[in-house]
Amino acid sequence: MEKDRKAVVAIPVAILVALAVTWAGSQGGANVLGIPLFALAVGLVFLIQWVAFVVAYVLQTETFYDLTGSLTYISVTTMAVLLSPVIDRRSIVLLALVLVWATRLGTFLFLRIQKKGKDARFDELKVSFVRFLNTWTLQGLWVTLTLAAAMVAITTTERQGLGLGALIGFLVWALGFAIEVTADMQKSRFRADPDNQGRFIHTGIWAWSRHPNYFGEITLWTGVAIITLPVLRGWQWVGLISPVFVTFLLTRVSGVPILEKRADERWGGQEDYEAYKERTPVLIPRPPAKNTNGGE
């Protein structure tokens, strides 16, 4: 089957990309028992995904897929900080930001799928061993690339005190986090209202952007990257792939394109929807020209 063949190719490609980032991120980093701490962290990332995959495939369920991703962020970052020879303030700040983000998002996504009972994206994937394995492997790559900047700063032997750059990075992270949380809360409340069934949301922060939650996600990881800048050296600069990857993933692969397509299929041609698309940016928020009434 063509999709299975593509998955067979995608798995080793994902692993090779992760290995390349691991090599670069490990340069100038601390070792544990002769093994780069950065490499241990990446190894744990993929081990968690593959163990969870076995359980998920046997049970034919995707209900803990997103939760596993969030728990991976939490466990791997915590491990890296605890095993680091030097635990400085930068590491503690980065750990705190990752824990807050992962706990909030993981809880939100887990409760959402528990309410729905399933994730339709996995209907065809989970019946195929190789495609379902590919999905979990790609989650491992997602965690690795997204965490790259923070992991480099936590595991590096280069240490500096926090300065203005760290404050700026934190404020950028806080802005992104606030936007993401606000967008998710507003959409959840909107969908919970029976009167809004079958409608599209374009009130609140969703009147400023068609995908404000994704903008928040990109912004907060940019903030994390800014915090890490003072301690990056040589090949460690590969860690800046973090916000670049998040932006590419959400705007070109699995985020905006898919949701825009679904929305066009559902509401395309409707006057209010077309007007909403015309006046509202796809990603970067912009104050609406005037107040609007509506929903999703």
Among the residues of region 39-52, the number that are touching a residue at least 12 places away in the same chain (Cβ under 8 Å) and over 19 Å from the mean Cα position of the chain (by Cα) is 2
Only one of Val13, Val17 that is more than 23 Å from Leu232 (Cα to Cα) and either surrounded by fewer than 20 Cβ atoms within 10 Å (Cβ to Cβ) or of a type in the set (S, T, N, Q) (or both) = Val13
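Considering only region 215-225, I want to know if a residue exists there that is open to solvent by less than 30 Å² (accessible area, probe 1.4 Å) and aromatic (Phe, Trp, Tyr).
Initial filter on region 215-225 (open to solvent by less than 30 Å² (accessible area, probe 1.4 Å)): 216-221, 223-225.
Still in the running and aromatic (Phe, Trp, Tyr): 221.
Taking every residue of region 215-225 in turn, at least one turns out to be open to solvent by less than 30 Å² (accessible area, probe 1.4 Å) and aromatic (Phe, Trp, Tyr).
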Failed criterion for Ile154 (all others in (1) modelled with pLDDT under 95; (2) surrounded by 20 or more Cβ atoms within 10 Å (Cβ to Cβ); (3) of a type in the set (Val, Ile, Thr) hold) = (1)
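Go through region 20-56 and give me each residue that's aliphatic (A, V, I, L, M) and either open to solvent by 70 Å² or more (accessible area, probe 1.4 Å) or under 19 Å from Ser128 (Cβ atoms) (or both). Steps first, answer last, please.
Initial filter on region 20-56 (aliphatic (A, V, I, L, M)): 20-21, 24, 30, 32-33, 35, 37, 39-42, 44-45, 47-48, 51-52, 54-56.
Matches in region 20-56: Leu33, Ile35, Leu47, Val51, Ala52, Val54, Val55, Ala56.
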Take the residues of region 226-248 that are more than 21 Å from Leu175 (Cα to Cα) and open to solvent by 50 Å² or more (accessible area, probe 1.4 Å): which is nearest to the chain's Cα centre (by Cα)?
-> Trp237
Filtered residues of region 57-82 (kept if aliphatic (A, V, I, L, M), crowded, with 16+ Cβ neighbours inside 10 Å and under 21 Å from Gly117 (Cα atoms)) = Leu67, Leu71
Consider Phe108 carefully, then state whether it is more than 21 Å from Leu16 (Cβ to Cβ) and open to solvent by less than 60 Å² (accessible area, probe 1.4 Å).
-> yes
Only one of (1) buried (at least 19 other Cβ atoms within 10 Å of the Cβ); (2) closer than 18 Å to Gly255 by Cα; (3) not β-branched (Val, Ile, Thr) fails for Leu138. Which number is that?
-> (1)
Is it fair to say Phe170 is part of a helix (DSSP H, G or I), under 19 Å from the mean Cα position of the chain (by Cα) and buried (at least 18 other Cβ atoms within 10 Å of the Cβ)?
-> yes
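The values are calculated or read from the model by the stated rules, or taken from the named source; none is laboratory data. None of the values given here were measured: they were computed from a predicted structure. Backbone-built Cβ (ideal geometry, glycine too); neighbour counts: all protein chains shown. The area values use the complete protein model at the heavy-atom level, side chains included, leaving out ligands, DNA and RNA. Shrake-Rupley method; radii C 1.70, N 1.55, O 1.52, S 1.80 Å.
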